[in-house]
1. Order of A:Ser117, B:Ser327 from fewest to most other C-beta atoms within 10 Å?
2. Just grab the label-to-label distance for A:Leu308 and B:Arg183, each label 7 Å out from Cα along the Cβ direction, in nm (one decimal).
3. Take A:Leu52 and A:Ala104, extend 7 Å from each Cα along the Cα→Cβ direction, and tell me the distance between the two endpoints in nm.
4. Which GluC sites (Glu not before Pro) in segment B:206-238 pass both tests, a DSSP loop state and at most 14 other beta-carbon atoms within 10 Å?
5. No solvent, one uniform scatterer per C-alpha: report log10 I(q)/I(0) for segment A:85-316 via the Debye equation at q = 0.08, 0.12 1/Å, two decimals.
6. Where does each of B:13-23, A:45-55 land if you order them by average Cβ count within 10 Å, highest first?
7. Name the trypsin sites (Lys or Arg not before Pro) in segment A:124-204 that are in a loop by DSSP and that have at most 15 other C-beta atoms within 10 Å, would you?
8. Over the whole of B:68-78, what's the average partner chain Cβ count within 10 Å per residue? Rounded to a whole number, please.
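We did not get these values from a lab; they are worked out from the coordinates using the rules stated. If you're wondering where the values come from, they're calculated on a predicted model, not measured in any experiment. Cβ sites come from the backbone with ideal geometry, for glycine too, and all protein chains shown count toward neighbours.
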Amino acid sequence: MSAKLETKVSDAWGSETPPQARSADTSGMVQATGSAAESGGWAMPVQAIGLLLVAPALAVVVFLFIVPLISSVTGAFDVGGALSLGNFAKAFELYSGDMLFTLAIVLLSSALIALFSIMIGGYLTLGSNPRAVAILRWIYRWPLFIPFIVVGQILRTFLAKNGLMNNIFIELGLMTPLSAMSFLDWRGIVIAFVWKQTPFVALLLSGAMASIDRSTIEAARNLGANRLRILVEIVLPQVRTTLLVGLILSFVTMMSVLSVPLMINAQSPTMITANMAFRINAYRDYGVANALGLISLLMTSAVAWIYLRQTMREHSR
Amino acid sequence: MSAFLEVVNARVLYGQNEVLKGVNLAVEKGEFVALLGSSGCGKTTLLRSIAGFNTPASGAIRVNGHDVTRLPPDKRGMALVFQSYALWPHMTVDQNIGYGLKLRKMPKVAIDARVTEIKRLLGLDAFGARKPANLSGGQRQRVALGRALAIQPDILLLDEPLSNLDARIRLTVRHEISALQRRLGITAVHVTHDREEAMVMADRIVILNNGEIAQVGTPEEVYNRPASDFVAAFMGAENLVELSAVLHGDRIEIAAGAFNTAAVVSARGRALSGPLNARFRGESAELSDAESAIPSLREEGALRLTGTVEQTSYPGGLWRHVIAVGSAHVIVDSPRSFEIGKRVSVRIPEEALFLYSKQ
């Protein structure tokens, strides 16, 4: 009975409804085609229904992601309406130091994030003091919920020459006011990135560590491995893909943060993101900004390629 | 002279839950002991306490007279083979077997020699470079065993090592493990819930029930002289009938009931009278056509039940009959089949009849 009714409805669409009305009521159409497929008595091929179902998502991706990306890539090669590498030449001339600075900062931060998240994940998995493990588990995720801009702001007041950190050290008599120095340079950025991104990687990593077979850890203990060896030789090799994924995601995140370099290190050298904002806001120079954007995209793509190659190799094994 | 491995009055708690309630166990050097029990009886907990992964709330564990209760797992001279094998997936067979030796800082050449020796012992020569994912269940099991044996432990602990194997492979691996254990003269404690596996492999069987030891004995002892109703049932004497009896000197006189004849069996030191639980195995009773009436004669050295055949099946070798004896059902095997609905007589010789006073 209901199948018959739906057939009628879709027939009506097929013959009478004007095309505008069809596209206007997409949700109704999806519903009707879905049930027609179930009743099986209708002419629309299954592949076409599938395409229709993914069409809204595909449209969002095309219009909000691919089109702007292409326009920004073409914009990078566009100097006064002509195809040229001028933007790149200018970008390298002005900002090659900043590019290296960016890469160095993000790589150093990634390395430190890896180290700290392995330590946190390792302690959560292998720690023998249940209370310490519970406290660490409760506390380590906090920075995840703090926005980058707030991290930048907090650290700016904390790390400045007359900031809270130096004041505490001076109060404690650990150093004199004369020897106080500002950390608001590359070190400040690295501290901000590591502080903000370590919990994210540690969260992924400790989840992966918790899901490995506990008896593989006990077997190593049984044969006499200490905790550090178990972490390095037994646990870490089993979760290295997760670690790599976490680091790549945070690499990409760090490459795209503007607020931290602006807050902490608004001098030269600084990160590419700050340069891009500067090119656009100060000069309306979209060409060089696009070129810088493409360069940072190449850096993240290189990292993504390493990851893909690694996973392909593991799958082929 | 005390035993090589001793567990003295060990109590283990998981939170408020007492999993081991004061267990005493002595294992001689070179002996193969099986811890047998159903799931949740505490057998794995006992093994893990011996291995050092659980610390008893009270009691002691001694090896060769030394107290090891508080020692870490690797300082006890024991190696544990895990139920899941717990092989390290990122290491090859050679690396898995050699890891314990690497931890002992043995030179590389010596490690290689020992790994080769272990592989030869276990028939793993061709698999040294493979990772565990590329091995069959039986091969993984042997790698796990090899990894444990490589460090030449005094005591080998086996936590249900055969439960993940196919039924057919399991039968051969049983014999391989016990043959290897005898050849190496190693002391072994083996946890299992499989009665036959324990019987076939072990010198002595420890039957655990609810955190306590129900009986310790050779396979022959626990099979033929189960100490309690629980052990009898666990060792396969599942058929249960209730009787009433009086003790007369060294004889137990069983009163005639609605479905059983009067009988006299020797007491063999058992002081039993009043209501009894009688247990027997289906294969140790004899089935025959029932006489028209229950004989008033007293049976000597055997108990005779009368019932009706309700179901028959042929599991192979013998015919299996489900027989209704009053409200109870018993299962009895017989070389020939009896028709459904037929009245039959079940004769249980006294050596196959296990009697316990009813709690």
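1. Working: A:Ser117 26, B:Ser327 7.
Exposure proxy ranking, most exposed first: B:Ser327, A:Ser117.
2. Label-label distance for A:Leu308 and B:Arg183, simple model: 5.2 nm.
3. 5.9
4. On the way: sites: B:Glu212, B:Glu220, B:Glu221, B:Glu238; in loops: B:Glu238.
Listed in order of number, the matching sites are B:Glu238.
5. Calculated log10 I(q)/I(0) at the listed q: -0.39, -0.80.
6. Numbers: B:13-23: 14.7, A:45-55: 11.2.
Peptide ranking by packing, descending: B:13-23, A:45-55.
7. Numbers: sites: A:Arg131, A:Arg137, A:Arg141, A:Arg156, A:Lys161, A:Arg187, A:Lys196; in loops: A:Arg141, A:Lys161.
Counting only loop positions with at most 15 other Cβ atoms within 10 Å, the trypsin sites (Lys or Arg not before Pro) in segment A:124-204 are A:Arg141, A:Lys161.
8. On the way: counts 0, 0, 0, 0, 4, 7, 7, 1, 1, 0, 1.
Across the residues of B:68-78, the mean count of other-chain Cβ atoms within 10 Å is 2.
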